[in-house]
Each structure stands twice: as C-alpha cells, then as structure tokens.
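Worksheet: the structure to be examined is printed underneath.
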Amino acid sequence: GPQPNEVYFTAGATESNNIALNLLEPGDHLITSAMEHKSILVPARRHDVTILQPDREGFIDPAKVRDALRPNTKLVSIEAANGEIGTIQPVAEIAALCRERGVLYHTYITQPAGTINVNLAAVDLASWSAHQVYCPYGIGVRFVMRGVLI
C-alpha cells in the first residue's frame, strides 16, 4: 500500500488535481478525457492538451491514449470511474502504457473511493475527496508515488 510519505492532505480534490496539472511546464503535452471533472478540464485549457472522447458507453480505449502520446507528453490524467454514468476506466492498462513511455499517469479517484480497488502502485499520482469515504468536507487527498517530484 501507499507509504506515509506518499500521501498528502489538501483543502480538497480540486487542489489535489491542480497540483497534478501544475507539473506541466511550457511545451509539455497533456492527455485527458472529455469526461473529466471540471477541476481537471478547466486548468487543462492552459496547456497543450489532447482531449479524448469516450466511446458510446463512456470508456476511454487505452489504444486512443497510446495513439495520442507524443515525445513531449508529460502527463496523462484519466479518472478511474465516472460519477454520472458509472464507467470504470482501465486504469492499469493506461498506466502501463504511460510507464512504458516514461509519461506520468494521474487518476482522479473520488467516485470509486471506498467502493472499488484502485491499485495505487500502478499510477504515479492520484487525488480524491475525503468526504466520499465519510470524512468531513474540505479535505482532499493526493497520492504521489515515491520518486515523482512535485
């Protein structure tokens, strides 16, 4: 499981998501999906971004992620599960593609937190809202894999 120095508390998932996207520098490329939370989609507009469209059932095909990767892709941010339609994305497959290319993978896990297992060892960054697991509002959590520099 996560080590103590890999888990940080924030003021909310929005802050945790913004910290992940703040890893991007001018010239870096970001890949995300059209179904992401607005705390990903709004700051994504400040960057060179490819926004992938889901299939008709709401899934992001890992092959679409692979095809969108560029030499300057630094971060892929695809949520683990969608809160509106319930699709559970293939996090492990997307993360494996990213690792092969040396690209950081971030996933927003607020919706599945406490209900499905998300293997944090497969991802570099994750963020979620603590209230999904019955904590008070105003607490966010971010996971940063050891070795990822923030």
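A few points about this structure:
- Answer residue from segment 29-42, given it is surrounded by 17 or more Cβ atoms within 10 Å (Cβ to Cβ) and of a type outside the set (S, T, N, Q) and is modelled with the lowest pLDDT among those: 37
- Condition met for residue 46 (charged (D, E, K, R) and farther than 27 Å from residue 139 by Cβ): no
- Taken together, the residues in segment 6-25 that are over 14 Å from the mean Cα position of the chain (by Cα) and either among the charged types (D, E, K, R) or modelled with pLDDT of 95 or more (or both) amount to 2.
- Restricting attention to segment 43-72 and to residues that are among the acidic types (Asp, Glu) and under 23 Å from residue 27 (Cβ atoms), the residue that is surrounded by the fewest Cβ atoms within 10 Å (Cβ to Cβ) turns out to be 67.
- Search result, residues across segment 67-84 that are more than 16 Å from residue 14 (Cα to Cα) and modelled with pLDDT of 95 or more: 67, 68, 69, 70, 71, 72, 73, 74, 75, 76
- Condition broken by residue 9, with the remaining ones in (1) under 21 Å from residue 120 (Cα atoms); (2) crowded, with 16+ Cβ neighbours inside 10 Å; (3) touching a helix residue (DSSP H, G or I) at 6+ places or on another chain (Cβ under 9 Å); (4) of a type outside the set (Val, Ile, Thr) satisfied: (2)
The values are calculated or read from the model by the stated rules, or taken from the named source; none is laboratory data. These numbers come from a predicted model, not from an experiment. Don't worry about glycine lacking a Cβ; one is built from the backbone with ideal geometry, like all the others, and counts go over all protein chains shown.
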